[in-house]
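Written below as structure tokens is the structure these notes are about.
Just so you know, all these numbers are worked out from the coordinates, no wet-lab data involved. Remember, it's a predicted structure, so these values are computed and weren't measured experimentally. Every residue, glycine as well, gets a Cβ built from its backbone with ideal geometry; the counts of neighbours run over all protein chains shown.
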Amino acid sequence: MIRFCVLGTGAGGAPTLRRAPPAVVVRLEGSVFLFDCGEGTQRQLIRARVSRRKIDFVTLTHLHADHVLGLVPLLASMASDKRQEPLCLIGPRGLAELVWKTLRWVDVELPFELQVRELETGFQGEVCVSPQWILSCAPLYHSIPCFGFRLQERRQPALHVERLCAMGVKPGKLMGQLKRQGWIELPSGERITLEQVSSFRPQPTFVYCGDTRPCPTAIELARRADVLIYEATFASDRAFLAHETFHSTAAEAAEVAYAAEARRLLLVHFSSRYDTEEPMLQEARAIFPHTDIAQELVWDEIIPSDTLDDESQPLPDPNAEGGQPIAGVSLVQRAHQRPGQPGTAHP
Ligand SMILES: [Zn+2]
Ligand SMILES: [Zn+2]
């Protein structure tokens, strides 16, 4: 089950009394992800009852001030905590330099391993996988390189136990072996594969887009997402401003959700020009009825449906390694390694 809490719904660097800068925290099967880290995110984490010690991944959509100004203070607090567990930072090119230089200037030594995975501009694909989830990204269309992220829970396919029993496979060792290796051999010599005796189960999917104009990659990233968190900096009365500043209106956000066949749309990143989100909500719901304004500090969840779904979708790769970076991102890491700085440890 994916649980998430929007920590900030404002746009621009300055927090207001009503809205904090962008950040969303997500819990999934023992892993904690922080998407974006605006100024004051630490206080919002406390209010959301999330211990910063538990955060495993900090994932930044882009390096605009409103999305990153809380990051170094968060790292400094983790250093004060004498954190020992490694932390993984994911974000656009330039993230490593921003972090290391600022930490050096403010004289903070990290007692833990900080792994920085920079995404090549335009990179699209899987960023990190574990047996429980897949984190992937797609480039968006903003004034500087910016990414959206898709976090998908991996659920084992559902075994048709009755069919297996009829074949003489009783619940127990053989079934476990079938799940693990993807096939078994019956005493008769007949070989049975997992695909023959299982159904795909829906994979709960959470998508968080950074600042962007509507674009095909955002739609693809959000394809059939259970929850899409997407920016609505303006209502259509300021469509020209949205265009000029590479942001979206609420109506455009709704069009993305509609085109992507998302199940729910949550709007965030509201300009301080608006005292109320009502205009954004109205225009978005006219296009995509399953729209809500994200509420700060309210926990929400995506509950996996156990309805069997026989659509011929690919089964999870049983050979995937837990928590290991995969091909596309390793490549990016190598491309950004700097002499004398392995990219996985404090210099
Ligand atoms: Zn922003
Ligand atoms: Zn921005």
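Here the relative contact order of region 158-199, from alpha carbon pairs under 8 Å that lie six or more residues apart, stands at 43 percent.
So if I take the alpha carbon set of the chain, get Rg, then get Rh from the Kirkwood formula, what is the Rg over Rh ratio? Show your work: numbers first, answer last.
Values: Rg = 21.6 Å, Rh = 21.3 Å.
Rounded to two decimals, Rg/Rh equals 1.01.
For the pair residue 224 and residue 143, a Förster radius of 30 Å applied to the C-beta separation gives a FRET efficiency near 0.55, rounded to the nearest 0.05.
Evaluate E = 1/(1 + (r/R0)^6) for residue 16 and residue 158, where r is the Cβ-Cβ distance and R0 equals 45 Å; express this FRET efficiency to the nearest 0.05.
0.45
So what is the relative contact order of the chain, in percent, for Cα pairs below 8 Å that sit 6 or more residues apart?
Over the chain, the number comes to 19 percent.
Only beta bridges with both residues in the chain are counted; by DSSP, about 60 percent of them are antiparallel. With the convex hull drawn around the C-alpha atoms of region 158-199, the volume per residue stands at 61 Å³. Annotation: for a label point projected 7 angstrom from Cα along Cα→Cβ of residue 236, residues of region 270-291 with backbone N closer than 13 Å are 279-288. When you filter the GluC sites (Glu not before Pro) in region 161-199 for DSSP loop state and at most 14 other Cβ atoms inside 10 Å of their Cβ, you are left with 190. Of the trypsin sites (Lys or Arg not before Pro) in region 78-177, the ones in a loop by DSSP (not H, G, I, E or B) with at most 10 other beta carbons within 10 Å are 82.
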